[in-house]
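Engineer: Structure provided below as structure tokens; questions to follow.
Every number here is computed from the coordinates shown, using simple stated rules; none is lab data. Source: prediction; values computed, not measured. Every residue, glycine as well, gets a Cβ built from its backbone with ideal geometry; the counts of neighbours run over all protein chains shown.
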Amino acid sequence: MTIQEELQTTIRELVQPGKGVLAADESNPTIAKRFKAVGVENTEAMRQQYRSIIFSAPGLNEHISGVILFEETLEQQNLDGIPMPELLANQGIVPGIKVDQGKGPLANAPDEEITFGLDGLEAKLAAAKEFGARFAKWRCVFHISASLPSRQAIGANAETLARYAAICQSLGIVPIVEPEVLIDGTHSIERSAEVGEQVIRGVFDALARHRVNLETMILKPSMITPGKEAPKASPEQVAEMTIRTYRRCVPAAVPGIFFLSGGQTPEEATLNLNAMNQHDNLPWTMSFSYGRALQEPAQHAWKGDIANRGAAHQAMARRARLNGAAALGKYSADMEKAGQA
Ligand code: 13P
């Protein structure tokens, strides 16, 4: 297979009707926070146990086309000694890898951040590919205030996202391009739309400059919502503003927009995605690439005890199924009731 054929094959497998991506690529400090919320100590053995369980939820592959892994997990085996990427690939789920190295302060830009990880990226991706990774993820974050994000932060992060995406494609790895506009703040949905448009324009400008092939990448943006401390918008409003914003700046050549959940509750994230998929004639497949909104119920069911494996499987499979329905616009809130999903 040529590199181009490899990219196209992976995109075809990732972007399928009624399927989305499970983001299970929490770094160790991030998974520590999630585990703490359910009273679990963050050790390698617990991470292995937890991820072994959620990746074996029955029927996961009916609604999940890809799973993003943290590097430790890519090289880990499940509780039965099967390498995690193989466990996924055996179910027809594409394994992927988070390759950014986290973020830190952007010099001369107070309160803004830049994502690290371009140094040595090519070697890291090549090694991950040997372990079975066929797509990758890189996350940048932008803070909203009356004056932020600055042009400087948008430009610098867009440039790194584009360089990352270009390197991925040169190795036959599909890049997930994740510019996250954080939900924290009191801003209105209009301000969120304004910032979302500026950021995504900046990102596609840089992607064009670095000759990234739009047909073989996935965009993973935030939904356009009001700030977390502002009054909530209805799913219909979120859907309308999100579609309006991205129609203005995401080329139709991009096959998929797979949203992050960014601190929305599991139900909100499902309702909002479903509302988007009520709209006709969308230029792209709109689906999910959630971390928290897919995993929270499974973490609460598991609580660090292998004896809760069955309940954790059910919780994981259920959230995947409900979001799979939302990706087709076929979800309704009463499906949340026990026994119906
Ligand atoms: P959330 O859905 O929890 O925002 O996580 C998605 C993700 O991959 C963040 O990088």
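Engineer: State all residues of the range 289-306 that are outside any helix (DSSP H, G or I), more than 8 Å from the ligand (Cβ to nearest atom) and among the small types (G, A, S); if no residue qualifies, say none. Let's see the steps before the verdict.
Structural biologist: First, the residues of the range 289-306 that are outside any helix (DSSP H, G or I): 289-291, 303-305.
When the remaining residues are screened for being more than 8 Å from the ligand (Cβ to nearest atom), the result is 303-305.
If the condition is that a residue be outside any helix (DSSP H, G or I), more than 8 Å from the ligand (Cβ to nearest atom) and among the small types (G, A, S), then G304 is the only one that fits.
Engineer: Here's another thing I want to ask about it. Determine which single condition G92 fails, assuming it passes every other condition in (1) away from the ligand (no atom under 16 Å from the Cβ); (2) farther than 20 Å from V174 by Cα; (3) under 20 Å from the mean Cα position of the chain (by Cα).
Structural biologist: So the condition that G92 fails would be (2).
Engineer: Let me ask you something else. Touching a Pro at 6+ places or on another chain (Cβ under 8 Å), touching a residue at least 40 places away in the same chain (Cβ under 8 Å), within 16 Å of the ligand (Cβ to nearest atom) and assigned to a loop (DSSP other than H, G, I, E, B), is that true of A165?
Structural biologist: On the way: touching a Pro at 6+ places or on another chain (Cβ under 8 Å): yes; touching a residue at least 40 places away in the same chain (Cβ under 8 Å): yes; within 16 Å of the ligand (Cβ to nearest atom): yes; assigned to a loop (DSSP other than H, G, I, E, B): no.
Answer is no for this residue.
Engineer: Which one of P221, P255, P251 is under 30 Å from A298 (Cα atoms) and away from the ligand (no atom under 16 Å from the Cβ)?
Structural biologist: Details: P221 fails: away from the ligand (no atom under 16 Å from the Cβ); P251 fails: under 30 Å from A298 (Cα atoms).
Of P221, P255, P251, the one residue that is under 30 Å from A298 (Cα atoms) and away from the ligand (no atom under 16 Å from the Cβ) is P255.
Engineer: Follow-up question, since we're still on this one. Say whether the condition of being more than 17 Å from V38 (Cα to Cα), touching a Leu at 6+ places or on another chain (Cβ under 8 Å) and surrounded by fewer than 20 Cβ atoms within 10 Å (Cβ to Cβ) is met by at least one residue in the range 314-334.
Structural biologist: Yes.
Engineer: Filter the range 261-286 down to the residues that are under 19 Å from A23 (Cα atoms), aliphatic (A, V, I, L, M) and either outside any helix (DSSP H, G or I) or away from the ligand (no atom under 11 Å from the Cβ) (or both) and list them by number.
Structural biologist: Scanning the range 261-286 gives L271, L273, M286.
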